[in-house]
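The values are calculated or read from the model by the stated rules, or taken from the named source; none is laboratory data. Note that the structure is a prediction, hence the values are computed from the model and not measured. Because the Cβ atoms are built from the backbone with ideal geometry, glycine has one as well, and the counts that use them run over all protein chains shown.
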Amino acid sequence: MRNKVLGVVLAAFCLLANPALAADKIKILFLVSLTGPWSVFGHEQERGLQVALEELGNTVGGLPVEIITKDDQGKPDAGLQQATQGVQLDKVDLITGLSAASVMMAIAKPMSDAGVLMISGNTGPTPLAREQCTENLFVVSYEAELMAKATAVYMSKVAKSAYLLSADFQAGWDSLNGVKEFYKGPVAGESVVPVSLLDFSSDLAKVRASRADTLYGFITAQAFIGFVKQWGQSGLGNRGVTFHGGVWTADDLSFPAEGDAPIGMLLAAHWFPQLDNPANRKFVAAFHKKFGRNPAMQAQQQYDVMMLLDSAVRAVKGHIEDRTALRNALRKADFASARGKFKFGTNQFPVQDYYIVKVVKQSSGELGYELVTKILEDQGETYMDRCPMRW
Amino acid sequence: MIDGPFLVEELLNGVQLGLMLFLMAAGLTLTFGIMNLVNLAHGSFYMVASYLAAMIAGLTGSFLLAAGLALIGTLLLGAAVEVASLRPLYRRGHLDQVLATFGLTLFFNEMSRILWGSEPYPMSTPSWLSGEVQFSSEIYYPAYRLAISVVALAAGGALALFIRYTKLGSLVRAGANNREMLQALGINIRLIYTFVFGLGAALAGLAGIMTAPVLTVQIGVGDPILIVVLVIIVIGGIGSIVGAFFASLLVGVVDTFARLILPMLFGNEMGAPLASMALYVLLALILIVRPRGFLVDS
C-alpha cells in the first residue's frame, strides 16, 4: 500500500518536473520538394542543410538534432498532409525547408493556427509578407515581389523597352506585379505562360517581333533550363536583347546544363557565391569541398536557416518548448549570415540588400557572376504596415 | 508587332510542333488501328528515349551516336513491352487497356527516377546544328529546330514508303483495314503486332530524342503530349497515318496561333486559358462534321 502511494507521488513529481527541464533534442521536419516541379530547389536546399549540420556537428544550439525529411512533391495537398503527419505523428518541433510557394500557401494558416513554427528556406510568397503574415512563420530567403522589384528598378535605368514574361502561378504573379509596379519604362509586350510550358519558341518570337531591347523572364523551376537553352538558340542575346531575371535562372546548379547560353544575362540576387565576407567564404569553401562546385542560393538560404536556428536555440538555452522566447530569439537574427548582414522586418521576412550580377565566363572557363551594382539596400516589404504584427 | 518575319517564324514553330506530334501520333494510330489497343504508355517511350539519348550523349559526346543507340534501344524496349505485358490485353476492353497501360506509365516514371534521378537531365544541341539559318535579312530560325522538322518529315516519308512499297508494310496496312481477315489467311499476326508496337515506340522515341536538347529531359515529360496526340488521332481518323499527318500539322499550327491570337484579342487572363481550350474546341467541331475523323474511309 505504501509502495503504491509512493509510486503515485513519484509519478506526480515526474509530471510536475517535466516542464521545467529543457528539451533533450530538437526534432525538425524538413519538408521540401524532392520530386515534382521544384525538385531542383529542394535537393539544393538539402545540400545546404548537410553543410550546415556538418559545421554544427549535428546539433542546433547545443541540442542534438533529428531531421525528418519529407517530400511534398510540389503539390499543396501532399505538402499539407506531410506537414500534418509530421506535427501529429512525429511530434516535430518546427518545420523548415519549404521549396514551393503553392505548398507554403497551403500549410501557412493550418500550421500557424496549430501553433507550429515554420522557417522557410526558399519560398517567400508576397501575401504572407502582408495581410496574411503570422508570428509562426519566418522567411529566411526573400520575398518574391522584392526580387522582381530589384530587377525592375535596374531595368528602369537601362532598358529602352521591355517585354515581360512570367508563369501562371503565385510566385509568377508576385514577380510580374513587382516588375510592373517598379519598372518605369515602356512595356513592349507581355506573356503569362502555363506552368507546364516547356517550349518558349512562340514567346521568344513575340519578343523579337516586339522590338524590345530587354526581356524580363520569370520561368518556373522545371522549365528554366530549357528556356535558357532556347534563349541561346534564338540568337536574341546577340541581337541587342538583354535578359533580366532572378539569379536562379542561371546559377551553379544549372550552368552545366546551359552551356554558354546564359552569358550576358543580368540577374537579381540577394546573395551570390562571390560575395565577399568571412561567413560566406567559409560557407562556399565548405560547400565546394563537399560537392565540387559553388552553391546555389537555395543551399545558402537553408544554411542560413540552420545558423539562425542555432543562434536562437542557444539564446534560449535549449528551452525550445518556450515558443515565445524562441520566437523572440529568432526575431533578433543574431547570427553571421553568409549574406553579410541579416535582419527581419516586422513581417518576419528579411530586410536585406539586393544586387545585380552579370553572368560571365571566368578565366577558369567556367561560368560565374560579376557584380554590376548593389541595386537595393536594406530593402524590406514595400507595404510593411499591411502586416498587423508589431514588435 | 505582327509583321511578316514574325508570322513566318510562328508558322515554322507551328509546323515543327505539328511534325513532332506526328511522330508520336503515327505510332499511336497504328497501335490503335491495327491492334485495337489504347496505349497510354506511349508518352513513356518519348521519355525513356530522351533519357537514353541524354545519357549516351553525355558519355560519348556524340549526338548522332546517342540518337542512333537510343532509337534502337527504344525499338527493342517497345518490342519487349509488347511481348512481356500487352498480349493478354488485346482480347480485353479498352477500359482494361487504359488501366494497364496507365500502370505502365507509372512504372516507367518510377524506373526512370531510380535510374536517372529526379532532377532534369541535361543534353546539349550538337555544335554543328547550333547556329541559325538565315532565310532573308529579317527572317532567321534556329538551325536545330529546322533539323527537328526535317528529321520528322524524313521519318514520315520513310514510314509512308515502307507501308506502301514493302511486303511487311502491306501486311500492316491490311491489318489496319481488316484484322480478322489477316488472321484467317494464316499470317502470323503476333509477330506483326510486336513489330508495329516496336515501330510506334521507336517513332515516339525519335520525337523524344530530337526535342531533348531543346526542352528539358525529366520524369513524365511525354505524358502531357500524349493527350494532344490522342486528340490528333481522333481528328485524323484512327488507323490512318495520312490522317495523323494532316491532323498533326493542323493541331500544331492551330495551337501555336491560338496561343498568339487569343491573348491578343481577350487579354492575358482570358486568352491564355482559352488558348489551352482551342484544341478541344477544334476537336469537337471536327467531330460534329466528320464523326469518324477526317480521313478514315468507312
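With respect to B:Pro224, determine if the residue is within 18 Å of B:Tyr46 (Cβ to Cβ) and part of a helix (DSSP H, G or I).
In short, yes.
For every residue, the table says whether it meets (1) within 14 Å of chain B (Cβ to nearest Cβ); (2) closer than 29 Å to A:Val179 by Cβ.
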site: A:His244; (1), (2): no, yes
site: A:Asp260; (1), (2): yes, yes
site: A:Ala269; (1), (2): no, yes
site: A:Leu275; (1), (2): no, yes
site: A:Ala279; (1), (2): no, no
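Filter the range B:69-98 down to the residues that are part of a helix (DSSP H, G or I), surrounded by 14 or more Cβ atoms within 10 Å (Cβ to Cβ) and either more than 21 Å from the chain's Cα centre (by Cα) or hydroxyl-bearing (Ser, Thr, Tyr) (or both) and list them by number.
B:Thr74, B:Val83, B:Ser85, B:Leu89
For the list (1) modelled with pLDDT under 90; (2) touching a Cys at 6+ places or on another chain (Cβ under 9 Å), I need the number of the one condition that A:Arg390 fails.
Exception for A:Arg390: condition (2).
Quick check on B:Gly222: is it away from chain A (no Cβ under 13 Å), surrounded by 20 or more Cβ atoms within 10 Å (Cβ to Cβ) and either under 14 Å from B:Leu17 (Cα atoms) or not charged (D, E, K, R) (or both)?
Spelling it out, it is not the case that B:Gly222 is away from chain A (no Cβ under 13 Å), surrounded by 20 or more Cβ atoms within 10 Å (Cβ to Cβ) and either under 14 Å from B:Leu17 (Cα atoms) or not charged (D, E, K, R) (or both).
Tell me, please, whether a residue that is surrounded by fewer than 24 Cβ atoms within 10 Å (Cβ to Cβ) and out of contact with any Phe, Trp or Tyr (no Cβ under 6 Å at 6 or more places or on another chain) can be found in the range A:296-309.
No - not one qualifying residue is present in the range A:296-309.
Filter the range A:205-240 for residues that are over 20 Å from B:Pro122 (Cα atoms), more than 9 Å from chain B (Cβ to nearest Cβ) and buried (at least 22 other Cβ atoms within 10 Å of the Cβ) and give the result.
A:Val207, A:Ala212, A:Thr214, A:Leu215, A:Tyr216, A:Gly217, A:Phe218 - these are the residues of the range A:205-240 that are over 20 Å from B:Pro122 (Cα atoms), more than 9 Å from chain B (Cβ to nearest Cβ) and buried (at least 22 other Cβ atoms within 10 Å of the Cβ).
What is the number of the single condition among (1) within 19 Å of B:Pro142 (Cβ to Cβ); (2) over 23 Å from the mean Cα position of the chain (by Cα) that A:Lys157 does not meet?
That leaves (1) as the condition not met.
Only one of (1) within 14 Å of chain A (Cβ to nearest Cβ); (2) within 28 Å of B:Asn178 (Cα to Cα); (3) among the aromatic types (Phe, Trp, Tyr) is not met by B:Phe257, so which one is it?
Only one criterion is unmet by B:Phe257, namely (2).
When you look at B:Ile219, is it more than 15 Å from the chain's Cα centre (by Cα) and touching a residue at least 40 places away in the same chain (Cβ under 8 Å), yes or no?
Answer is yes for this residue.
Just to verify a result, which residue in the range A:310-327, among those that are assigned to a helix (DSSP H, G or I), in contact (Cβ under 8 Å) with a residue 60 or more places away in the chain and of a type outside the set (A, V, I, L, M), is surrounded by the most Cβ atoms within 10 Å (Cβ to Cβ)?
Result: A:Asp310.
May I ask you to say which residue of B:Val228, B:Val242 is among the aliphatic types (A, V, I, L, M) and within 14 Å of chain A (Cβ to nearest Cβ)?
The conditions single out B:Val228.
Within the range B:98-112, does at least one residue satisfy the condition of being without any contact (Cβ under 8 Å) to a residue 40 or more places away in the chain, in contact with a Leu (Cβ under 8 Å, 6 or more places away or on another chain) and of a type in the set (D, E, K, R)?
Scanning the range B:98-112, I find no residue that is without any contact (Cβ under 8 Å) to a residue 40 or more places away in the chain, in contact with a Leu (Cβ under 8 Å, 6 or more places away or on another chain) and of a type in the set (D, E, K, R), so the answer is no.
Can you confirm whether B:Gly175 is of a type outside the set (S, T, N, Q) and touching a residue at least 12 places away in the same chain (Cβ under 8 Å)?
yes
Which of the residues belonging to the range B:1-47 are within 14 Å of chain A (Cβ to nearest Cβ) and closer than 16 Å to B:Ala79 by Cα?
B:Gly43, B:Tyr46
Which pairs do you get when a residue that is more than 10 Å from chain A (Cβ to nearest Cβ) and under 16 Å from A:Ser202 (Cα atoms), found in the range B:262-277, comes within reach of a residue that is surrounded by 13 or more Cβ atoms within 10 Å (Cβ to Cβ) and not basic (Lys, Arg), reach meaning Cβ atoms under 7 angstrom, with the pair 6+ apart or on two chains?
B:Leu262/B:Gly271; B:Leu262/B:Leu274; B:Leu262/B:Ala275; B:Leu262/B:Ala278
Find the residue count for the range B:133-147, including only residues that are surrounded by fewer than 20 Cβ atoms within 10 Å (Cβ to Cβ), at the interface with chain A (Cβ under 9 Å from one of its Cβ atoms) and under 25 Å from the mean Cα position of the chain (by Cα).
Selection size over the range B:133-147: 1.
For the range A:47-73, how many residues are within 14 Å of chain B (Cβ to nearest Cβ) and more than 13 Å from B:Glu119 (Cα to Cα)?
4
Does B:Phe197 fit the bill of being out of contact with any helix residue (DSSP H, G or I) (no Cβ under 7 Å at 6 or more places or on another chain), surrounded by 14 or more Cβ atoms within 10 Å (Cβ to Cβ) and not in a loop (DSSP other than H, G, I, E, B)?
So B:Phe197 fails the test.
Does B:Ser248 fit the bill of being under 22 Å from B:Ser44 (Cβ atoms) and part of a helix (DSSP H, G or I)?
Against the criterion (under 22 Å from B:Ser44 (Cβ atoms) and part of a helix (DSSP H, G or I)), B:Ser248 qualifies.
So how many residues does the range A:177-190 have that are facing another protein chain (nearest Cβ under 9 Å) and crowded, with 23+ Cβ neighbours inside 10 Å?
Count: 0.
Output the residues belonging to the range A:154-176 that are away from chain B (no Cβ under 12 Å), out of contact with any Asp or Glu (no Cβ under 6 Å at 6 or more places or on another chain) and at pLDDT 90 or above.
Within the range A:154-176, A:Tyr154, A:Met155, A:Ser156, A:Lys157, A:Val158, A:Ala159, A:Ala162 qualify.
Any chance the range B:148-160 includes a residue that's within 14 Å of chain A (Cβ to nearest Cβ) and farther than 30 Å from A:Thr35 by Cα?
yes
When the residues of the range B:110-124 are filtered to those that are more than 10 Å from chain A (Cβ to nearest Cβ) and crowded, with 16+ Cβ neighbours inside 10 Å, which remaining residue is farthest from A:Ile225 (Cα to Cα)?
Of everything passing the filter in the range B:110-124, B:Ser112 is farthest from A:Ile225 (Cα to Cα).
Look through the range A:205-235, keep the residues that are of a type in the set (A, V, I, L, M) and within 28 Å of the chain's Cα centre (by Cα), and return whichever of them is modelled with the lowest pLDDT.
Among those residues, the one meeting the criterion is A:Ala221.
Based on what the data block shows, is B:Tyr280 surrounded by fewer than 20 Cβ atoms within 10 Å (Cβ to Cβ) and part of a helix (DSSP H, G or I)?
Here the answer is yes, as B:Tyr280 does meet what is asked.
Quick test of your reading of the structure: A:Gly115 fulfils all but one of (1) among the small types (Gly, Ala, Ser); (2) in a loop (DSSP other than H, G, I, E, B); (3) under 25 Å from A:Ala250 (Cα atoms). Name the failing condition by number.
Every listed condition holds for A:Gly115 apart from (3).
May I ask you to say which residue of A:Lys229, A:Lys206 is touching a Gly at 6+ places or on another chain (Cβ under 9 Å), of a type in the set (Lys, Arg) and under 20 Å from B:Val221 (Cα atoms)?
Matching residue, one of A:Lys229, A:Lys206: A:Lys229.
Given the criterion over 14 Å from the mean Cα position of the chain (by Cα), in a helix (DSSP H, G or I) and modelled with pLDDT under 80, identify the matching residue among B:Leu182, B:Leu260, B:Leu265.
Result: B:Leu182 is the single residue among B:Leu182, B:Leu260, B:Leu265 that is over 14 Å from the mean Cα position of the chain (by Cα), in a helix (DSSP H, G or I) and modelled with pLDDT under 80.
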